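Worksheet for the structure shown next.
The values are calculated or read from the model by the stated rules, or taken from the named source; none is laboratory data. Remember, predicted model here, so these are calculated numbers, not experimental data. Cβ placement follows ideal geometry from the backbone for every residue including glycine, while neighbour counts extend to all protein chains displayed. Surface accessibility is based on the protein's heavy atoms, side chains included, excluding ligands, DNA and RNA. Shrake-Rupley method; radii C 1.70, N 1.55, O 1.52, S 1.80 Å.
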Amino acid sequence: MNAIDEKLQPILAEVTRRNAGEPEFHQAVHEVLESLGRVVAKHPQYLDLALIERICEPERQIIFRIPWVDDKGRVQINRGFRVQFNSALGPYKGGMRFHPSVNVGIIKFLGFEQTFKNALTGMPIGGGKGGSDFDPKGKSDGEIMRFCQSLMTELHRHLGEQTDVPAGDIGVGGREIGYMFGQYKRLNNKYEAGVFTGKALAYGGSRARTEATGYGNTYFVQAMLATKGTSFDGKTVVVSGSGNVATYTIEKVQSFGGKVVACSDSSGYVLDEAGIDLALLKEIKDVRRERISEYARRRGAGVHFIPADRGSVWDVACDVAMPSATQNELSGKDARALVKNGVIAVGEGANMPCTPEAVRIFQEAGVLFAPGKAANAGGVATSALEMQQNASRDSWTFDQTEARLATIMRGIHDTCAATAEEYGAPGDYVLGANIAGFVRVAEAMRMLGVI
Ligand code: NDP
C-alpha cells in the first residue's frame, strides 16, 4: 500500500483498533486515506471538525438472527447485517449480498465505498450495505423465499423509501428482491415501491437497471480509452465473473466492437478465442444456474475450461481487463501477468477487486485504471433513477434510461479526471474518485453540524 499523510495516520490506527479483525474494511479506509493528504492540506477544517473520523464510523449497524426452515423440515440459522453508513446526502442506499463469506467487516467495507460512490453520482443518496452469510447455491426456490421472508421480518423496521433503500449484489438478483419486497409490503401494509431498487418491471422496476452496472463500467472505460484516442473497437477483453455485472459488461463491450475471450465463476474460467457466446452464457448462468464448465462443454471444440486451482483468468492476454466478480480477486501476480501481456486499461466492475499491490503495479506501468467506486457507480445511479420513476409514478423507456446512465458515467469520468488534475495528479482516477466523493460528503456533513 502507498503511504498515508502523517496527519491521517492516527485516524487509520484508531479505525484499525476499533474494528479489529476486519481486514477488508481497513483496506478500504487505507485506500481512501492515501488520497486525502492533499485535501487536508487545502482544507485543514476537515481535521478540526473530525470529519474524516466521523465518515469512517457508520451511523448505525444492525446485526440480527435469521431463522428459517429448509425443505427437509430442519431449522437453519443465518446472520443478517445492515450497515447504515452515511445519510448526509440522502437515504442510505446500497445492495444486499448473500454469500457464505459475508461478515460485518465485509459489509462495512462495502458501505464505506458505497458512500463515496453514491456521492460521485451527484444524486441525493447516502451510503449503506447489507447482506447475510446465507449461501444461495443449491437452495430450492422455496428455501430462498422462506429465507428472504425471515430476513425481511426483522429488517423491514429499519427500511423506508426516505430511510434506507436496499438493492441487489452478489447472490441477490431479481428473484430475491421480489421475495424481500413482497414481505416488506405485507408487513407494512403499503405499496412503497421506492423502498427497494432492482425490482422487476412488473412491479415498479426500471428499464436498464439490470444492465446498468456492467454497461456503466463499459462507458467509463470507453471514456478513459478516448482520452488516449482509442476505443473498444477491435480490442481483446477479459471479464471475470459471470453474474449480473459480468454478463452486461460482456454485452456492452461486444456492442462497442470489443471481443471478450474469457469469463469465470468461482470454479474456474472459460477461454473462448472466437468470443463469448452471450446467449449461451445467459442460458447457463442466469436461467439454468449451472457452473461455468457447462459453457465449455456445450460450446464444444476449441473452447476450454480451466479449473480455479490450475490457473487464473488474468493469465489470458488482453488489451482491457474488467474484474467483475468479488473483492481482492486480482492479485499483484495477476497484475504483473496482465502488464506483461500488454494490458492498456482496467475497469473495476466489482467492488475492490484489485489488491492494493495490483493497483500500484497498474498505475506504475501507466495502465489506465478505473476504481470500482467510480466505474461501477452506474448500478446505483440507475437505482436512483428507479426511485425517481417510482416517486413520480412514471416509467421511462430503455433508451431514455440508458441515455441518462451514459451521461452520468461520462460525468463521473470527467469529475474524477478534473479532480485528479486539480490536486496535481493528472490521470490518477483513484485519487480523483476518492477526493471528489469525499469532498461532496464532507461538505454536506460540515453544513449539517455535529450530528
Ligand atoms: P452475482 O452474484 O450476480 O455474480 C457474482 C459472480 O462473481 C459470479 O460469477 C460468482 O461465481 C463470482 N464470484 C463471487 N465470489 C467469488 C469468489 N470468491 N471467487 C471467484 N468468483 C466469485 O453478483 P454481481 O454481478 O451483482 O456482483 C459482482 C461484483 O460487482 C461484486 O463485487 C458486487 O459488489 C459488485 N457490484 C454489483 C452491483 C450490481 O448492481 N449488481 C453494483 C456495483 C457493484 P459463483 O457463482 O461461482 O459464486
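Between GLN61 and ALA20, what is the spin-label point distance in nm, taking each point 7 Å from the Cα along the Cα→C-beta axis?
1.3 nm
In Å², and per residue, what accessible area does the range 60-191 have when probed at 1.4 Å with the other protein chains present?
For the range 60-191, the per-residue accessible area is 37 Å².
Round to the nearest 0.05 the FRET efficiency obtained for ASP141 and ILE77 when R0 = 22 Å and r is the Cβ-Cβ distance.
0.60
Do any of LYS259/LYS333; LYS7/LYS108; LYS108/LYS373; LYS117/LYS252; LYS93/LYS199; LYS228/LYS333 go past 18 Å between their Cα atoms, and which?
LYS259/LYS333; LYS7/LYS108; LYS117/LYS252; LYS228/LYS333
Can you run phi through the Karplus equation (6.51, -1.76, 1.60; θ = phi - 60°) for the range 288-294 and list ³J(HN,Hα) in whole Hz, with x for Gly and Pro?
8, 6, 9, 7, 5, 4, 4
As a test of the formula, what do you get for the chain when each DSSP H run with n ≥ 4 contributes -39,500 (n - 2.57) and the sum is divided by the residue count, at 222 nm and rounded to the nearest 500 deg cm²/dmol?
-14500 deg cm²/dmol
Report the full-extension gain for the segment GLU161 to PHE256: residue separation times 0.36 nm, less the Cα-Cα distance, to one decimal in nm.
Gain in length upon complete extension: 30.6 nm.
With a 1.4 Å probe and all protein chains left in place, how much of the accessible area of the range 9-55 comes from carbon and sulfur atoms, in whole percent?
It is 54 percent, rounded to a whole number.
Under the 0.36 nm per residue contour assumption, what length would be gained going from the current alpha-carbon distance of GLU443 and LYS282 to full extension?
Once the chain is fully extended between GLU443 and LYS282, it gains 53.7 nm.
What's the carbon and sulfur percent of the range 349-424's accessible surface, probe 1.4 angstrom, rounded to a whole number?
Ligands and nucleic acids excluded, carbon and sulfur reach 48 percent.
Just the projected area, averaged over all directions, of the convex hull on the alpha carbon atoms of the range 9-55: how many nm²?
Averaging across all directions leaves 3.1 nm² for the Cα convex hull.
Please report Rg (one decimal) and Dmax (integer) in Å for the Cα set of the chain.
Cα-based Rg and Dmax for the chain come out at 20.9, 65 Å.
Run through all the Cα pairs of the range 24-133 and give the fraction in each 5 Å bin from 0, expressed as whole percent.
Result, from short to long distances: 2, 12, 19, 20, 18, 11, 7, 5, 3, 2, 1, 1, 0 percent.
Taking only the Cα atoms of the range 81-217, how large is their convex hull per residue, in Å³?
Given the Cα convex hull of the range 81-217, per-residue volume reads 107 Å³.
Give the peptides 269-281, 334-346, 95-107 in descending order of average Cβ contacts within 10 Å, highest first.
Per-residue Cβ counts within 10 Å, averaged per peptide and sorted highest first, yield 95-107, 334-346, 269-281.
Could you give the accessible area per residue of the range 9-55, probe 1.4 Å, as a whole number in Å²?
45 Å²
Given R₀ = 22 Å, FRET efficiency for GLU53-GLU422 by Cβ-Cβ distance, to 0.05?
For GLU53 and GLU422, the calculated efficiency is 0.35.
Using a basic spin-label model with each label point 7 Å from the Cα along Cα→Cβ, how many nm lie between LYS333 and ALA274?
3.3 nm
Output needed for the range 319-451: three equivalent-ellipsoid semi-axes, defined as square roots of 5 times the C-alpha gyration tensor eigenvalues, in descending order, whole Å.
Semi-axes (√(5λ), whole Å): 29, 20, 14.
Would you mind getting the accessible area per residue of the range 212-365, heavy atoms of the protein chains only, 1.4 Å probe, in Å²?
I get 39 Å² per residue for this part.
Using a 1.4 Å probe on the protein heavy atoms, what percent of the accessible area of the range 60-191 belongs to carbon and sulfur?
47 percent
Counting only residues 5 or more places away or on other chains, whose amide H sits under 5 Å from the amide H of ARG97 once H atoms are built in the peptide plane?
GLY130, GLY131, SER132
Quick one: what does P(r) look like for the range 212-365 with 10 Å bins over all Cα pairs, in whole %?
The calculated distribution, bin by bin, is 12, 45, 36, 7, 0.
Along the Cα→Cβ direction, 7 angstrom out, place labels at THR227 and SER267. What is the inter-label distance in nm?
4.0 nm
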